[in-house]
Amino acid sequence: MKTIKLAFITIGTALATPSCTPTHHDMDGQPAKLGDFSYQAPAGWTQTKSKGWHSVSTTWTPDNNDQKESIVVIRTQIDSALGQAGAEAIKKKLLAAQRELPQVQVLGSPIDFHSDGGFAGVRVEDNFIPAGAKYQYHRTHAVLVEGTDIIHVLYTAEQPDAEERALHLVVNSLHKSEG
């Protein structure tokens with residue numbers, strides 16, 4: 001089985017080129033862990049953990065959430081056929097997943113970049129109206145692939161931070177835990 005080491009990250013427009021990647025030092029963080037991965041979550045945000053049949057996830061929301069923001073970090077396993085199919089197949093799956101959102105407008109094609117943690121990445125953004133909501137939300141979805149692990153990082157907000165600092169904090173600090 002061929003092992004792939006790639007990251008597909010959907011981040012804000014600032015990540016169009018590696019030289020434009022905001023660092024995770026733009027926002028204070030607090031240590032967080034998800035399976036074998038560690039990262040910094042935004043300071044002052046509260047987490048809610050959940051565990052599914054094939055995944056674990058943590059949702060982070062600010063204590064004062066007037067902008068209706070959230071960061072969701074999900075860890076799951078990659079399907080071996082998808083892993084062997086390579087980067088383009090994963091990009092197509094990521095883009096297809098965005099189209100499942102209600103009243104969605106996908107904002108362009110996935111764009112490649114590199115995170116501070118050394119992951120190659122791809123970002124995609126969209127606007128959608130969640131079921132039961134009156135207003136449009138913005139979402140940026142990140143997918144990092146490390147061996148057989150997939151880490152999704154999703155930033156969603158009704159009134160998004162234009163710099164998406166919370167997303168950049170998580171994505172750029174994400175790394176495989178030692179030990």
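For VAL106, are the conditions met, namely being surrounded by fewer than 19 Cβ atoms within 10 Å (Cβ to Cβ), out of contact with any Phe, Trp or Tyr (no Cβ under 8 Å at 6 or more places or on another chain), of a type outside the set (D, E, K, R) and at pLDDT below 95?
yes
Only residues that are of a type in the set (Asp, Glu) and open to solvent by 40 Å² or more (accessible area, probe 1.4 Å): list them for the range 52-71, please.
The answer is ASP63, ASP66.
Where residues in the range 131-140 are closer than 13 Å to LEU154 by Cβ and not basic (Lys, Arg), which of them is surrounded by the most Cβ atoms within 10 Å (Cβ to Cβ)?
Filtering the range 131-140 for residues that are closer than 13 Å to LEU154 by Cβ and not basic (Lys, Arg), the one surrounded by the most Cβ atoms within 10 Å (Cβ to Cβ) comes out as THR140.
Residues that are more than 26 Å from GLY35 (Cα to Cα) and without any contact (Cβ under 8 Å) to a residue 60 or more places away in the chain: does the range 136-145 have at least one?
Yes, some residue in the range 136-145 is more than 26 Å from GLY35 (Cα to Cα) and without any contact (Cβ under 8 Å) to a residue 60 or more places away in the chain.
What is the residue count in the range 155-166 for residues that are open to solvent by less than 50 Å² (accessible area, probe 1.4 Å) and at pLDDT below 95?
Residues that pass the stated criteria total 2.
Which residues, taken from the range 98-117, are in contact (Cβ under 8 Å) with a residue 12 or more places away in the chain and under 15 Å from LEU144 (Cα atoms)?
Residues satisfying the conditions are PRO110, ILE111, PHE113, HIS114, SER115, ASP116, GLY117.
How many of the residues in the range 26-51 are in a strand (DSSP E or B) and either of a type in the set (Asp, Glu) or open to solvent by 40 Å² or more (accessible area, probe 1.4 Å) (or both)?
Of the residues in the range 26-51, 10 are in a strand (DSSP E or B) and either of a type in the set (Asp, Glu) or open to solvent by 40 Å² or more (accessible area, probe 1.4 Å) (or both).
Can you tell me how many residues in the range 58-105 are farther than 24 Å from ASN172 by Cβ and among the aliphatic types (A, V, I, L, M)?
Qualifying residue count, the range 58-105: 7.
Please name all residue pairs, on different chains or six or more residues apart, with Cβ atoms under 7 Å, provided the first residue is in the range 81-96 and is at pLDDT below 85 and the second residue is surrounded by 13 or more Cβ atoms within 10 Å (Cβ to Cβ) and hydroxyl-bearing (Ser, Thr, Tyr).
Going by the 7 Å Cβ cut-off, the qualifying pairs are GLY83/THR148.
Please go through (1) buried (at least 17 other Cβ atoms within 10 Å of the Cβ); (2) more than 14 Å from the chain's Cα centre (by Cα) for VAL143 and return the number of the only condition it doesn't satisfy.
Among (1) buried (at least 17 other Cβ atoms within 10 Å of the Cβ); (2) more than 14 Å from the chain's Cα centre (by Cα), the lone unmet condition for VAL143 is (2).
The values are calculated or read from the model by the stated rules, or taken from the named source; none is laboratory data. Fair warning: this is a prediction, and the values are worked out from it, not measured in the lab. Methodologically, a virtual Cβ is constructed for each residue, glycine included, from the backbone with ideal geometry; neighbour enumeration extends over all protein chains shown. Heads up: the accessible areas ignore ligands, DNA and RNA and are worked out on the full protein's heavy atoms, side chains in. Shrake-Rupley method; radii C 1.70, N 1.55, O 1.52, S 1.80 Å.
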